[in-house]
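A short worksheet on the structure shown next.
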Amino acid sequence: MIVGIDLGTTNSLIAIWVDGAARLIPNCLGEVLTPSCISIDDDGTFLVGRAARERLQTHPHVSTSNFKRLMGSDKTIYLGRRAFRAEELSALVLRALKADAEAALGQPVLEAVITVPAYFSDAQRKATRAAGELAGLKVERLLNEPTAAALAYGIHQRDGDSKFLVFDLGGGTFDVSVLDLFDNVMEVRASAGDNHLGGEDFVAALVDRFFETADVPESLRADALFMGRLTAQVEMAKRALSEAPQALIHVSVDDATYSMTLDEAMLEKHCAPLLARLRAPIERALRDARLPIAQLDSIVLAGGATRMPLVRKMAARMFGRFPACDIDPDQVVALGAAVQAGLKMRDAALDDVVMTDVSPYSLGVSMAVQVGGNALSFGHFDPLIERNTVIPVSRVKRYSPINKTQSSIDLHIYQGEARMVIDNIQLGVLSIDLPPHAGAGDRDVDVRFTYDVNGLLQVEATLVQTGVIHTVVIEGNPGLLGKQEIAQRFAALSELKIHPRDRMENRTLFASAERLYQQLRGAQRQQLGFEITCFETALASQDQRIVVPAAVQMRQVLAHFNRQSILLPEA
Amino acid sequence: MELAYHFLDLLGLNLDACERDIRRAYARQLKSIDQENNQAGFQRLRDAYESALEWAAWKAGAADAEADTNDRFDRDVCFDPDAHAHVHADAACTDETALTAPQAFEPAAGKPLLANSAAIGRAAFARLEADLDTLALHPAAHPDWEPWVTALLQYLEADELVSIDARTVFEANLVIRLAEGWQPGHDHLFDVAGEVFDWSDGRSLARFGQHGAFLDRAVTDASAFKQIDPEHQLMLQQKMQALRLRTPIDARQLRADQRDIELMMVRFPALMHVTVGNDNVDYWRNTCSFFPDQGAALEIVDQQPLAPMPKPFIARMRSKSGFHGVSLALILLLICAFFDVSSERQPHQARGLVPQHVLERHMAPVRYQTQPHVKPGLLTVALIVFLDKSNRVMMADITGTSGDEKFDEAVRQALQEATPFPAGTPKMFGVDYAKQIEPAKPAPAMQSPR
């Protein structure tokens, strides 16, 4: 069984292809969205999901989120005194999802299709693959997120011909893909994106605004407890604005209360620079797809942040028409991953369907160019694989040394779109020794770039005369784990104790209650304190006849206080 | 026998295939190929498919061209998205205010909101064009960068240009105007627009036909220009500014700038056209031609001091007294040096003329075989050398030929391969490299016995 996983910045989901349709698998709380948060509980067990998200506010030093943004880097994240890499934390999330799927399916899950932002680099893709391995999953395919979203939509309209654009604004990344559907072929025509633009950036902008408006001392930025609570409040207020004209953000710390009223106009004003950044990737994708907007049949929304009316309004104004969102934008990527899993398993229902994807960026080498007769200009980028070429692809180009005297060629490999390599990302260097010069063209080198469906690159250089082959192993990247290291860390991770699944529901409820208790003041706080004590006593009894009604009671109380803490009564 | 195309064979099609047939044939074959394990097979199919699509488009275009001889790059036809959008024209133009209500999205999905985005784009561009002159003349505009950016951004990021279609029309007009050559304000406009419209992306300008292709060259030039050492870059920018303003120039400045400007014209032709204007360069060249070429004469003064003096005068000096004659000549020479030679020397000092013996410590041996047709004597080639950050030769350009191309090239090559110069060497300097040519050995007779 291959599962489809959307490993998101904010939330992760798991889905399978079954009975000719993609289905989401709910977690132990019965929810399909599992927050990508990790926390170490007081007893040393690991909490994943909503309980961990609640503890971001109450126990910020042993909790973390947003680690997807660090994938492919060598940054270390500390939980208490323990150090983790982003791959390991992602692996813990994947393990929780895997456990949910195994519980639902009643069979072990060993293979997965995992989605990545289309604009993820080589290092980030390799890190994602490593995370899968650390969780005990064989990653059958890394699938680009907007492609996944397109698959989810395309699978419903596969009989007709259509062209559409997927606008995918997630928690941490923004992706755009243009898709062309014909004769059961789903062809990604182009994709583009911004790796550092997502819902979290909107929250960060509002947090900054809060510091200004509410006269919060800057020193509080270092207070993890305060920041955790503020971020959560802002996030809730941002969501509330989809339904109400105004929302109140208020955070208390050390007997001081700071508050700010948020409305649509304010949101728009302070998020304008972020909204402006949406445009470039869209224009790029349309350009590369060589399609005018008028030829698109629809604009499709994906990613949780597209729930924001502000973002939808922007999309509508840019495209000159209203976007469609028939599928829940939070779920569409995971559903698409499940479709891809179905394709991998050669499911009968998908017998006739094929999908082709593209390389999201250009890959090439540094080259000297002759200008104005006999002068050389160095450091020009010469792409071998142009961005948005259909993959898998393999391209060869012949290069010659500049000088007759030089004894080797250094082939600098770059990724990016700028004309000069200095503005692109260097992936590696391949040094090729040359035989002494004897005649014209005898020292030419054929350079071959091969880019596979998972978005991994291989570079091969052949000395034409001798046939000696050099292959590049893109190394020297501190963000990557070696095979041995993966095995070691896998063993270490396997020993970690995960909080038992069957107790997660009450654990989460308790974490929510604790978070709310910190937030409230006065009589409300007392009231909640009393409820928490009752709940704790009920839990201690370990008698299901007492625990179950106590949990129901607790949930009602929490719902009541949560509502009160965020919405202003409508004027 | 019919002319056949390999790609059509591979797709199992013949010459009357249309785009629809090609897509269908591709889809059919794609389903039998395992993309992951048969990459070569997939690539063959894909290449054939792409060639076939291009061929089909060309075929359709050729048919269209017969029917319609309109200029392909006519801005209003080519870039008017409404021309494609007429199928949607029956949909009502929805009020912008409806966008604020989120629940309005679902029922109206897919309907166009704006009736005429092309007209909006054109109007926005007309506004920019009308104001560009005043913007360019604004006292705050020169030479500061910031106020300009702010002012221009108001036009380039105007609210109505949020619509991508309107923006495209605006951009197309802008590209054409910029590619037509410099006008006041275009130098800044070129930079700011490049940022706003993402022109650093090689493909963004490809949409705009020949104007786009030309502007794309200018963008490439600009990015190469930015690689030049900042100090030197600033100096060149000041010269470009002087050209734009057509500031009155004296003979000295004119000659000082000559190498740099002509070099810029060779290295960055498109950039110069867009940000300086070829007519400005021509104006400068014309001004140059008004001044007699004193430089050449002065260089002779330098080497053979008495040569420029009229012969009868020298004769008279000799006839008087040797001593007086020599002193008079010396005074004359001093006057010469004071008025003219000093002005001629300046550019060299500013640039730093590196003497040949210093040069030879660093440069690789000059590999030059005396050519039979070259007369024996002193061969001198003038070059201009640019160093990079580590003082290696980044570029060496010939500014004055010795008369033998092979020799020029050999010297240039030797400089190109030079070891790093010591720290403190100017980043750009002139070189006059001279070599004594011995009489060539007579070439062996190549007559075939007959």
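The values are calculated or read from the model by the stated rules, or taken from the named source; none is laboratory data. This is a predicted model, so every value here is computed, not measured. For neighbour counting, all protein chains shown are included, and Cβ atoms are generated from backbone atoms with ideal geometry for every residue, glycine included.
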ask   = Could you give every pair whose Cβ atoms fall below 7 Å, whose first residue belongs to segment A:433-448 and is farther than 20 Å from A:Val365 by Cα, and whose second residue is modelled with pLDDT under 80 and in a loop (DSSP other than H, G, I, E, B), counting only separations of at least 6 or pairs across chains?
value = A:His437/A:Lys404
note = In segment B:173-208, anything away from chain A (no Cβ under 14 Å) and of a type in the set (Gly, Ala, Ser) is listed as B:Ala179, B:Gly181, B:Gly185
task = State which residue is surrounded by the most Cβ atoms within 10 Å (Cβ to Cβ) when the search covers only segment B:1-38 and only residues that are more than 18 Å from A:Met186 (Cα to Cα) and within 11 Å of chain A (Cβ to nearest Cβ).
result = B:Asn38
When residues of segment A:450-463 are limited to those that are part of a strand (DSSP E or B) and within 12 Å of chain B (Cβ to nearest Cβ), the one nearest to A:Asp433 (Cα to Cα) = A:Gln458
inquiry  = Tell me the residue from A:Leu13, A:Leu29, A:Leu24, A:Leu7 that is surrounded by fewer than 22 Cβ atoms within 10 Å (Cβ to Cβ), under 21 Å from A:Val139 (Cα atoms) and modelled with pLDDT of 90 or more, please.
reply    = A:Leu24
task = Kindly list, by first and then second residue, each pair from a residue in segment B:42-61 that is within 11 Å of chain A (Cβ to nearest Cβ) and hydroxyl-bearing (Ser, Thr, Tyr) to a residue that is assigned to a helix (DSSP H, G or I) and crowded, with 17+ Cβ neighbours inside 10 Å, limited to pairs with Cβ atoms under 8 Å and residues at least 6 apart or on different chains.
result = B:Tyr49/B:Phe7; B:Tyr49/B:Ile22; B:Tyr49/B:Tyr26
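Kindly indicate which of A:Ala294, A:Ala272 is on the phi < 0 side of the Ramachandran plot and either in a strand (DSSP E or B) or buried (at least 17 other Cβ atoms within 10 Å of the Cβ) (or both).
A:Ala294
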note = Every listed condition ((1) within 14 Å of the chain's Cα centre (by Cα); (2) charged (D, E, K, R); (3) more than 21 Å from B:Leu135 (Cβ to Cβ)) holds for B:Asp187 save (3)
ask   = Which ones in segment A:314-339 are part of a helix (DSSP H, G or I), at the interface with chain B (Cβ under 10 Å from one of its Cβ atoms) and either in contact with a Cys (Cβ under 8 Å, 6 or more places away or on another chain) or buried (at least 21 other Cβ atoms within 10 Å of the Cβ) (or both)?
value = A:Met314, A:Ala315, A:Ala316, A:Met318, A:Phe319
request  = Report, ordered by the first and then the second residue, all pairs with beta carbons closer than 9 Å, sequence separation of six or more or different chains, a first member in segment B:152-164 that is at the interface with chain A (Cβ under 9 Å from one of its Cβ atoms), and a second member that is part of a helix (DSSP H, G or I) and modelled with pLDDT under 85.
outcome  = B:Ser163/B:Ser117; B:Ile164/B:Pro81; B:Ile164/B:Ser117
ask   = What single numbered condition from (1) surrounded by 20 or more Cβ atoms within 10 Å (Cβ to Cβ); (2) among the aromatic types (Phe, Trp, Tyr); (3) over 30 Å from A:Gly303 (Cβ atoms) fails to hold for A:Tyr361?
value = (3)
inquiry  = If I filter segment A:36-49 for residues that are in contact (Cβ under 8 Å) with a residue 40 or more places away in the chain, hydrophobic (A, V, I, L, M, F, W, C) and outside any strand (DSSP E or B), do I get at least one hit?
reply    = no
request  = For A:Gly106, state whether it is without any contact (Cβ under 8 Å) to a residue 24 or more places away in the chain and small (Gly, Ala, Ser).
outcome  = yes
message = Quick check on my filter: what residues within segment B:178-221 are under 12 Å from B:His273 (Cα atoms) and assigned to a helix (DSSP H, G or I)?
response = B:Leu178, B:Ala179, B:His186, B:Asp187, B:Phe190, B:Phe214, B:Leu215, B:Arg217, B:Ala218, B:Val219, B:Asp221
message = For segment A:83-104, which positions are within 21 Å of A:Asp42 (Cα to Cα), touching a helix residue (DSSP H, G or I) at 6+ places or on another chain (Cβ under 9 Å) and not in a helix (DSSP H, G or I)?
response = A:Phe84
ask   = Being among the hydrophobic types (A, V, I, L, M, F, W, C), closer than 20 Å to A:Gln331 by Cα and more than 18 Å from the chain's Cα centre (by Cα), is that true of even one residue in segment A:29-49?
value = yes
inquiry  = Just to be sure before I move on: is A:Val109 assigned to a loop (DSSP other than H, G, I, E, B), β-branched (Val, Ile, Thr) and either at pLDDT 90 or above or touching a helix residue (DSSP H, G or I) at 6+ places or on another chain (Cβ under 8 Å) (or both) in the structure I sent?
reply    = yes
query = Going through segment A:544-556 one residue at a time, which ones are among the charged types (D, E, K, R) and either under 36 Å from the mean Cα position of the chain (by Cα) or surrounded by 11 or more Cβ atoms within 10 Å (Cβ to Cβ) (or both)?
reply = A:Arg555
query = Does A:Asp255 satisfy the criteria of being more than 8 Å from chain B (Cβ to nearest Cβ), crowded, with 19+ Cβ neighbours inside 10 Å and acidic (Asp, Glu)?
reply = no
task = Specify which of the listed residues (A:Val396, A:Val354, A:Val429, A:Val421) is surrounded by fewer than 19 Cβ atoms within 10 Å (Cβ to Cβ), over 30 Å from A:Leu310 (Cβ atoms) and either touching a Ser or Thr at 6+ places or on another chain (Cβ under 6 Å) or facing chain B (nearest Cβ under 9 Å) (or both).
result = A:Val354
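Here's a check for you: in segment A:127-150, which residue that is assigned to a strand (DSSP E or B) and within 23 Å of A:Gly304 (Cβ to Cβ) is nearest to the chain's Cα centre (by Cα)? Quick ask: steps written out before the conclusion?
Restricting attention to segment A:127-150, the residues satisfying the condition of being assigned to a strand (DSSP E or B) are A:138-144.
Now narrow it down to the ones that are within 23 Å of A:Gly304 (Cβ to Cβ): A:142-144.
Values: A:Leu142: 12, A:Leu143: 12, A:Asn144: 10 Å.
Only one residue fits best here, namely A:Asn144.
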ask   = Considering only residues of segment A:50-73 that are assigned to a loop (DSSP other than H, G, I, E, B) and polar (S, T, N, Q), which is farthest from the chain's Cα centre (by Cα)?
value = A:Ser73
task = Check A:Ala244, A:Ala232, A:Ala265, A:Ala237 and return the single one that is assigned to a helix (DSSP H, G or I) and within 14 Å of another protein chain (Cβ to nearest Cβ).
result = A:Ala265
remark   = Checked against (1) over 39 Å from the mean Cα position of the chain (by Cα); (2) at the interface with chain B (Cβ under 8 Å from one of its Cβ atoms), A:Gly439 satisfies every condition except (2)
key: Residues that are modelled with pLDDT of 90 or more and acidic (Asp, Glu), drawn from segment A:188-211   = A:Glu200, A:Asp201, A:Asp208
note = In segment B:239-270, residues that are part of a helix (DSSP H, G or I) and more than 17 Å from the chain's Cα centre (by Cα) total 10
key: segment B:387-411, subset surrounded by 19 or more Cβ atoms within 10 Å (Cβ to Cβ) and closer than 19 Å to B:Thr425 by Cα, residue farthest from the other protein chains (Cβ to nearest Cβ)   = B:Leu387
ask   = How many of the residues making up segment A:381-393 are surrounded by fewer than 20 Cβ atoms within 10 Å (Cβ to Cβ) and part of a strand (DSSP E or B)?
value = 2
